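Asker: Have a look at the structure that comes next, please.
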Amino acid sequence: MSSPSKPIDVAVGILMQPNGDVLLGQRPAGKPYEGYWEFPGGKVEPGESIFAALQREFKEELGIEVIDGEPWCGVEHVYPHAHVRLHFYISRQWRGQPQSLESQAFAWQGNLGVEPLLPGHIPLIHG
């Protein structure tokens with residue numbers, strides 16, 4: 001068995017509307033855990049701050065500009081394909097309406113009724 005890998009830092013954004021609804025995206029075909037729902041985000045590039053990565057990912061995936069983000073919590077999770085350190089930010093301000101720029105489904109959820117939910121996100125919802 002190989003030694004544990006160094007975790008990959010991932011910026012994860014929770015867009016929160018004034019009524020408390022949050023945006024979830026569905027992982028596209030061809031990616032690990034395709035069809036699973038998750039909060040949008042992506043890998044932090046070398047030399048990039050976590051918030052800058054969050055802003056870049058939301059622009060690339062959803063075509064929106066994240067204006068603010070409050071660090072919320074961190075979760076480390078080991079998937080069969082990757083060891084990740086998830087940095088969650090809550091954002092209540094953004095410009096534009098989310099669009100599916102990478103052919104992924106997304107949905108505003110008030111009670112998180114979508115399934116399956118990505119395993120690394122489950123402790124946040126049910127914890």
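Asker: Considering the range 79-98 alone, what residues qualify as being of a type outside the set (A, V, I, L, M) and surrounded by fewer than 17 Cβ atoms within 10 Å (Cβ to Cβ)?
Answerer: Those that are of a type outside the set (A, V, I, L, M) and surrounded by fewer than 17 Cβ atoms within 10 Å (Cβ to Cβ): 79, 80, 81, 83, 85, 92, 93, 95, 96, 97.
Asker: Next up: Which of the residues belonging to the range 46-78 are assigned to a loop (DSSP other than H, G, I, E, B) and loosely packed, with under 13 Cβ neighbours inside 10 Å?
Answerer: Answer for the range 46-78, where residues must be assigned to a loop (DSSP other than H, G, I, E, B) and loosely packed, with under 13 Cβ neighbours inside 10 Å: 46, 47, 49, 67, 68.
Asker: Of the residues 102, 34, which is in a loop (DSSP other than H, G, I, E, B), open to solvent by 80 Å² or more (accessible area, probe 1.4 Å) and of a type in the set (D, E, K, R)?
Answerer: 34
Asker: So, in the range 1-22, of the ones that are surrounded by 19 or more Cβ atoms within 10 Å (Cβ to Cβ) and touching a Phe, Trp or Tyr at 6+ places or on another chain (Cβ under 6 Å), which residue ends up nearest to residue 107 (Cα to Cα)?
Answerer: 14
Asker: Suppose we filter 127, 74 for residues that are touching a Lys or Arg at 6+ places or on another chain (Cβ under 7 Å) and at pLDDT below 95; which single one remains?
Answerer: 74
Asker: Among the residues of the range 42-70, what is the count of those that are of a type in the set (A, V, I, L, M), touching a helix residue (DSSP H, G or I) at 6+ places or on another chain (Cβ under 8 Å) and within 15 Å of residue 23 (Cβ to Cβ)?
Answerer: Adding up the residues that qualify gives 2.
The values are calculated or read from the model by the stated rules, or taken from the named source; none is laboratory data. Not measured: the values here are computed from a predicted model. Counting neighbours? That spans all protein chains shown, and the Cβs are built from the backbone with ideal geometry, glycine included. Note: accessible area is taken over every heavy atom of the protein model, side chains too, but ligands, DNA and RNA are not part of it. Shrake-Rupley method; radii C 1.70, N 1.55, O 1.52, S 1.80 Å.
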